[in-house]
Amino acid sequence: MEKAAYIYLAVISIVAFAAYGIDKYKARHGKWRIPESTLILLAVAGGSIGALAGMRVFRHKTKHWKFIIGIPMILILQIALIAYCVFNTGEQ
């Protein structure tokens with residue numbers, strides 16, 4: 001993979017991690033929340049590692065099945081896609 005792709009994945013994971021932390025803070029303080037669709041979209045956009053870490057570190061969204069099952073499944077699919085791209089580039 002290109003260096004830019006690694007940088008993108010790192011940045012989007014940091015953003016996802018931060019979003020989970022911010023949403024947990026807002027939940028505890030009765031403030032406006034980040035929509036669940038946005039949290040899932042951050043994972044789909046490549047931030048699944050950060051989303052999963054945020055779920056664990058902040059203990060956030062750990063009782064919602066779409067997060068308990070969905071985020072790890074997104075991560076597995078992204079790992080498979082990256083592996084496919086890395087091992088199937090070019091030579092045949």
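The values are calculated or read from the model by the stated rules, or taken from the named source; none is laboratory data. Keep in mind that this is a model prediction, so the values were computed, not measured. Counting neighbours? That spans all protein chains shown, and the Cβs are built from the backbone with ideal geometry, glycine included. These area figures cover heavy atoms from the full protein model, side chains too; ligands, DNA and RNA do not enter into them. Shrake-Rupley method; radii C 1.70, N 1.55, O 1.52, S 1.80 Å.
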Q | Inter-residue pairs, beta-carbon under 6 Å, first under 16 Å from residue 45 (Cβ atoms) and in segment 76-92, second modelled with pLDDT of 90 or more, 6+ apart | A | 78/48
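If you check residue 68 against the conditions, is it over 18 Å from residue 80 (Cα atoms), β-branched (Val, Ile, Thr), out of contact with any helix residue (DSSP H, G or I) (no Cβ under 9 Å at 6 or more places or on another chain) and surrounded by fewer than 20 Cβ atoms within 10 Å (Cβ to Cβ)?
no
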Q.
touching an Asp or Glu at 6+ places or on another chain (Cβ under 9 Å), aromatic (Phe, Trp, Tyr) and touching a residue at least 12 places away in the same chain (Cβ under 8 Å): which single residue out of 17, 58 fits that description?
A. 58
(Q) So in segment 1-57, with the set limited to residues that are over 20 Å from residue 69 (Cα atoms) and not in a helix (DSSP H, G or I), which one is least open to solvent (accessible area, probe 1.4 Å)? (A) 30
Q) How many residues does segment 71-92 contain that are under 12 Å from the mean Cα position of the chain (by Cα), hydrophobic (A, V, I, L, M, F, W, C) and open to solvent by less than 60 Å² (accessible area, probe 1.4 Å)? A) 3
